[in-house]
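Here is the structure we will look at, set down as structure tokens.
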Amino acid sequence: MDKVRIKLLFLGHPRHVINKNKLSSFSSKFFEVSSLESIENLPKANKNDGYLDVEYSVDEVSNIITKAKNADITFAIMNYPYDDDFYLHRINDNAVCLSIAGIDQLLLNNNISIENFILKNIYEVAVLVNILPSVCSDEAYDIVHDDTRGCLFDMNGDKFDVIYNTEKPQLCNSCKSYINSKSLPDGYISKLEKELKKIKKPLISRVELFIKKYPLFSVGFTLVSSFIINILASLFLEYSKLNIAFTDLIKAMVKCLSGT
Ligand SMILES: [Zn+2]
């Protein structure tokens with residue numbers, strides 16, 4: 001299966017640092033980041049409702065995004081909201097744009113990285129490229145569902161629901177059934193499910209969360225493990241002393257036998 005070549009395009013100035021290296025070096029059988037670009041200065045938004053916040057329409061974003069060279073699709077990421085409050089729009093056959101405005105803080109408040117949120121959406125787009133005639137095809141509405149199932153294709157009409165399907169997103173039975181109705185390489189779904197499990201917190205964050213969730217168990221575990229380490233250290237010390245004494249005894253015997 002050919003990987004979907006993705007051009008990552010950052011629009012404007014993100015409020016939070018995004019680990020672009022993690023995104024560009026992420027290993028997948030489904031996509032590869034073929035280039036990484038950014039446009040820092042965006043044209044002024046046309047919205048003129050008297051408020052000072054910046055919002056862009058899909059048409060405005062489509063005029064900003066340049067056609068991908070050496071890539072199948074441009075995956076743009078911007079820190080400004082859309083005027084319709086959705087967060088992911090298919091701009092044209094070769095481009096989508098993800099807005100992380102507002103969602104960034106929601107993710108961080110729930111110890112979920114923005115990079116994982118971006119990766120989850122890249123997977124969603126990559127699968128749409130694989131199963132639809134075009135990423136803009138209306139057939140996408142046949143797979144995306146309104147209810148939240150912890151699935152890669154949850155609509156997330158309520159943005160808060162992204163916390164339920166960003167890390168280790170699953171494929172619900174109806175999505176699997178839809179994907180299986182398409183002509184795809186053998187083992188497509190099992191490989192996809194395996195990779196989706198890789199979208200998870202780093203180990204240190206998982207340990208921190210475990211400690212917060214089970215403080216008494218963590219304290220008990222620390223005490224027991226300290227006790228065991230102390231016993232092992234004492235045993236090792238005694239063993240070392242015995243070993244030294246035994247070596248001295250052997251040396252004395254050898255000396256005695258040799259008559260020196
Ligand atoms: Zn689903």
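Distances between placed amide hydrogens fall under 5 Å for residue 88 paired with 99, all partners being 5 or more residues away or on another chain. Taking the chain as a Gaussian network of alpha-carbon nodes connected by springs under 10 Å, the highest mean-square fluctuation of the residues 168, 200, 182 belongs to 182. Less than 5 angstrom separates the built amide H of residue 37 from those of 8, 9, 10, all sequence-distant by 5 or more or on a different chain.
The fraction of all Cα pairs in the stretch 142-234 landing in successive 10 Å bins from 0 to the largest distance is 14, 29, 24, 16, 12, 6, 1, given as whole percents.
Lys/Arg Cβ at +1, Asp/Glu Cβ at -1, dipole of the stretch 4-211 taken about the Cα centre: which of 188, 54, 11 is farthest positive-ward? Selected residue: 188. Using C-alpha pairs under 8 Å with a sequence gap of at least 6, the mean separation divided by the residue count of the stretch 4-211 gives a relative contact order of 17 percent.
Remark on the chain: 97, 136, 175, 256 stand apart, with no other cysteine beta carbon under 4.7 Å.
At 1.4 Å probe size, with the rest of the protein present, what percent of the exposed accessible area of the chain is carbon and sulfur atoms? Write down the numbers at each step before the final one.
Working: 8770 of 15420 Å².
Carbon with sulfur: 57 percent of the solvent-accessible area.
Over all orientations, the stretch 214-257 has a Cα convex hull whose mean projected area works out to 2.6 square nanometres. Phi angles of the stretch 180-190 translate, via the Karplus equation with coefficients 6.51, -1.76, 1.60 and θ = phi - 60°, into HN-Hα couplings of 5, 7, 9, 7, 9, x, 4, x, 4, 5, 5 Hz per residue; Gly and Pro are given as x.
Compute, for the chain, the length of the dipole vector about the Cα centre, with Cβ point charges of +1 (Lys, Arg) and -1 (Asp, Glu) only. Units Debye, rounded to 20. Mind showing how you got there, number by number?
On the way: 30 positive and 32 negative charges, 360 e Å.
Charge dipole, the chain, about its Cα centre: 1720 debye, nearest 20.
Think of the chain as having a plus end and a minus end, set by charges on the Cβ of Lys, Arg, Asp and Glu; of 220, 70, 118, 220 sits farthest toward the positive end of this dipole. Eigenvalues of the alpha-carbon gyration tensor of the chain, scaled by 5 and square-rooted, set the equivalent ellipsoid semi-axes at 54, 23, 20 angstrom, largest first. Using a probe of 1.4 angstrom and keeping all protein chains present, the accessible surface of the chain works out to 59 square angstrom per residue. With all pairs of different C-alpha atoms in the average, the Kirkwood value for the hydrodynamic radius of the stretch 1-128 is 15.0 Å.
The values are calculated or read from the model by the stated rules, or taken from the named source; none is laboratory data. As the structure is a computational prediction, the values presented were derived from the model and not from experiment. Glycine gets a Cβ as well: all are built from the backbone with ideal geometry, and neighbour counts include every protein chain shown. Areas reflect the complete protein model, heavy atoms only, side chains present, ligands, DNA and RNA absent. Shrake-Rupley method; radii C 1.70, N 1.55, O 1.52, S 1.80 Å.
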